[in-house]
Amino acid sequence: MAIKTYLQAISDGLREEMRRDQRVFLIGEDIGVYGGAFKVTQGFQQEFGEDRVIDSPLSETAITGACTGAALMGMRPVCEMQFSDFVSCAFDQLVTVAAKQHYRVGTPVPIVVRLPSGGGFSGGPFHSQNPEGFFAHCPGLKIACPATPADAKGLILSAIRDPNPVLYFEHKHLYRRIKGEVPDGDTAVEFGKARVHQEGSDLSIITYGAMVYTAEEAAKAAAEQDGTSVEIIDLRTITPWDREAVLASVAKTSKVIVLHEDTHTSGFGAEIAATIAEEAFETLDAPVMRITAPDTPVPFSPPLEKAYLPQPGDVLAGIERLAAY
Amino acid sequence: MAKAAETPPDTLLDKDTALRLFRMMALIRRFEERTEEQYTRARIGGYCHLAIGEEASTVGAIDALEPGDCLYASYRDHGTALAVGSEPVAVMAELFGKETGVAHGRGGSMHLMDVQRRFFGGWGIVGAHLPIATGTALALSYRDLPNAVLCQFGDGAVETGSFHEALNLAGVWDLPIVFQIINNQYGMGTSVEQSSAEPDLWRRAAAYRMHGERIDGNDVLAVREATARLMGIARRERRPALLETITYRFRGHSVADAGKVYRSAEEIESWRKRDPITRFGLHCSERGLLEQDEIDQVWSDVAAEVKSAIDEALGAAFPDPDTLYEHVYGDSAWREQFSRMRAGAPFGERGEERTWQT
């Protein structure tokens, strides 16, 4: 067990799996000599060579397509979109090709697409998005959104070993800010199993990724303020997602906030809220509340971006309203 | 005695033009040096890409534009905005995220835009603007306007699928557009040789039966001449072209990159000796177009201009968070919907007047 940053944990997971499995190789823009835009793969080319840490041209379509083609031949490629925003260039390759390949002919496509996502430091409208919602709508893809260093490592291991195309969203604002204990060795984390980030009894916050920490800060303030006890469920993966854990928490607290950094309309929170309404209506003591980014692009200007991203204060205000309902 | 023969008077260049070109390159250089400093002082958020060393490729090409021509650029666009005439204070204000910025603080460094000056943007997704610029050329052609589009991008964009699709369309539809590759030799930290199966990027033009040409992008006059000639052909004959201007960025990919892992100190130094501004200054003074005291005056003028731009931009207001929901759509009908998403929005309230359909 060692304390690692979120970024180190991803890096460790990739490195260990590459050491363990020769079929695993990396493709991406500036992941080799440069070490990756965020330095997740720093030193990888020295250790694994240019054949396994491949610097590619700026060609997201070709990168993703090439991964799929290599996966059909039994490889386990991991590609990096330099920013998750750039994945839209590869949308067709993921949604039309990779996601449907197994359904079409039964051939697995064990690829991982790493997607540095999220805002918080004025990346502006093209470098701050959380596009997981687009892909959650597409059958055939799996989606991981780790929040902790332990999950960052555990889920990258599972993602690489998964026989399906996996989109692995790594939140840029967690990279160096979040540190935590990461178990040594082979610590794969199962997809579709939520984690109780903190237990509580008055209301539940269902979230994932960086918003786990926003929820935590708000919950702490609520507890100090009037003893409100908030349970935080970290989904870890949104395809598949752990309905049972969510419904169990709702049954326990009867009040629920669904929180994410992606935009509001058709965000993944809508799916969670709808499922709670369908399957846990009787246990609810209040309407389901969604707290999300609004339906606007991510603004560059710092005060606008702060207003855009759900803040602990916004969540605290939601907790107060829900608790009082 | 042989000196006159070595440095013939430049009949293509008059003093006003020389001063204009020199002044603009100097302004951009000074602006970017001060920008780097503002970034390291945390006054600029996000990402910041400087084009120090590439001024001739930007200024020479943009100086060849005529009124009504349209311009597109990559994300390395501070100099582009200045060269089209955007106010330095408005560009700096944008970098600071201020309401008075050229994009009202919504875009930032990579997304400068000045549509009134027909600068249709810096673009933050590599290669994404090539098809858009092609569409602008289609509109010029469709409306039978006598202008053309200049579309600038880096060597990295050449490897995107958009490059192929855009050039093919421009070729097959005979569009008035010049695609300018500002080849600074590295897409981030990956060299052209590592990323391109044909490192002579200009040769790609042949695939589209298009004119292709490579020139010294650190020679502002050569860039200006080639751009004027190819834009002239595009305007008059509706023929696209691919122009590759070879240059070099002295700084790293972004301010966060020292730019030394993937290239040698010797290589950087060898390009510093070909600094486009020093070189053009020498060219002008050798030919008697600019005196040393005039050159000194330009440097001191642009330093003062940039300083006042910074001071004024620092004093400008940030956008009001209440305006977050504005501008997302072209009409205001959605504003009310947005208001429902905010924390504190209507939640579970059942007004007296509300009836449920059964």
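Values as computed for the structure displayed
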{"item": "Check on A:Gly119, open to solvent by less than 10 Å² (accessible area, probe 1.4 Å), at pLDDT 95 or above and not assigned by TED's automatic domain parsing to the domain that holds A:Asp242", "result": "yes"}
{"item": "Entirely in segment A:167-233, the strands (runs of 3 or more DSSP E) that have 2 or more residues that are open to solvent by 30 Å² or more (accessible area, probe 1.4 Å)", "result": "A:179-182, A:195-198"}
{"item": "Long-range neighbours under 8 Å by Cβ, at least six apart or interchain, first residue more than 10 Å from chain A (Cβ to nearest Cβ) and without any contact (Cβ under 8 Å) to a residue 12 or more places away in the chain within segment B:184-204, second open to solvent by 50 Å² or more (accessible area, probe 1.4 Å) and not in a loop (DSSP other than H, G, I, E, B)", "result": "B:Glu198/B:Arg204; B:Pro199/B:Glu193"}
{"item": "Qualifying residues in segment B:127-144 (those that are open to solvent by 50 Å² or more (accessible area, probe 1.4 Å) and outside any helix (DSSP H, G or I)) - the one farthest from A:Gln93 (Cα to Cα)", "result": "B:Asp144"}
{"item": "Members of segment B:173-199 that are open to solvent by 30 Å² or more (accessible area, probe 1.4 Å) and either small (Gly, Ala, Ser) or out of contact with any strand residue (DSSP E or B) (no Cβ under 7 Å at 6 or more places or on another chain) (or both)", "result": "B:Trp173, B:Asp174, B:Glu193, B:Ala197, B:Glu198, B:Pro199"}
{"item": "Selection count where residues are surrounded by 20 or more Cβ atoms within 10 Å (Cβ to Cβ) and of a type outside the set (A, V, I, L, M), scope segment A:58-67", "result": "4"}
{"item": "Options B:Gly121, B:Gly53: the member that is within 14 Å of chain A (Cβ to nearest Cβ) and open to solvent by less than 30 Å² (accessible area, probe 1.4 Å)", "result": "B:Gly121"}
{"item": "Selected residue [closer than 26 Å to B:Ala26 by Cα, in the same structural domain as B:Cys70 (by TED's automatic domain parsing) and either in contact (Cβ under 8 Å) with a residue 60 or more places away in the chain or assigned to a strand (DSSP E or B) (or both)] from B:Arg214, B:Arg235", "result": "B:Arg214"}
{"item": "Selection within segment A:287-315 - out of contact with any strand residue (DSSP E or B) (no Cβ under 8 Å at 6 or more places or on another chain), within 9 Å of chain B (Cβ to nearest Cβ) and aliphatic (A, V, I, L, M)", "result": "A:Leu304, A:Ala307"}
{"item": "All helices (runs of 4 or more DSSP H) inside segment A:1-111 with 3 or more residues being under 24 Å from A:Cys145 (Cα atoms) and more than 14 Å from chain B (Cβ to nearest Cβ)", "result": "A:6-20, A:60-72, A:99-105"}
{"item": "Any chance B:Gly85 is crowded, with 24+ Cβ neighbours inside 10 Å and at positive phi", "result": "no"}
{"item": "Where a residue in segment B:146-164 is more than 8 Å from chain A (Cβ to nearest Cβ) and its partner, wherever it lies, is of a type in the set (Asp, Glu) and open to solvent by 20 Å² or more (accessible area, probe 1.4 Å), with Cβ under 9 Å and at least six apart", "result": "B:Pro146/B:Glu66; B:Asn147/B:Glu66; B:Ala148/B:Glu66"}
{"item": "Unmet requirement for B:Gly68, which otherwise passes all of (1) open to solvent by 40 Å² or more (accessible area, probe 1.4 Å); (2) out of contact with any helix residue (DSSP H, G or I) (no Cβ under 7 Å at 6 or more places or on another chain)", "result": "(1)"}
{"item": "Unmet criterion (only one of (1) within 12 Å of another protein chain (Cβ to nearest Cβ); (2) modelled with pLDDT of 95 or more; (3) under 19 Å from A:Gly227 (Cα atoms)) for A:Tyr325", "result": "(2)"}
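Quick grid of which residues meet (1) at the interface with chain B (Cβ under 9 Å from one of its Cβ atoms); (2) in contact with a helix residue (DSSP H, G or I) (Cβ under 9 Å, 6 or more places away or on another chain); (3) not in a helix (DSSP H, G or I):
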{"site": "A:Ser249", "(1), (2), (3)": "no, no, no"}
{"site": "A:Ala270", "(1), (2), (3)": "no, yes, no"}
{"site": "A:Ala277", "(1), (2), (3)": "no, no, no"}
{"site": "A:Asp285", "(1), (2), (3)": "no, yes, yes"}
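The values are calculated or read from the model by the stated rules, or taken from the named source; none is laboratory data. Treat the numbers as computed from the prediction; the structure is a model and nothing was measured. Here the Cβ is made from the backbone with ideal geometry for all residues, glycine too, and neighbour counts use every protein chain on show. When the accessible area is computed, the model is the full protein with side chains, heavy atoms only, and any ligands, DNA or RNA have been set aside. Shrake-Rupley method; radii C 1.70, N 1.55, O 1.52, S 1.80 Å.
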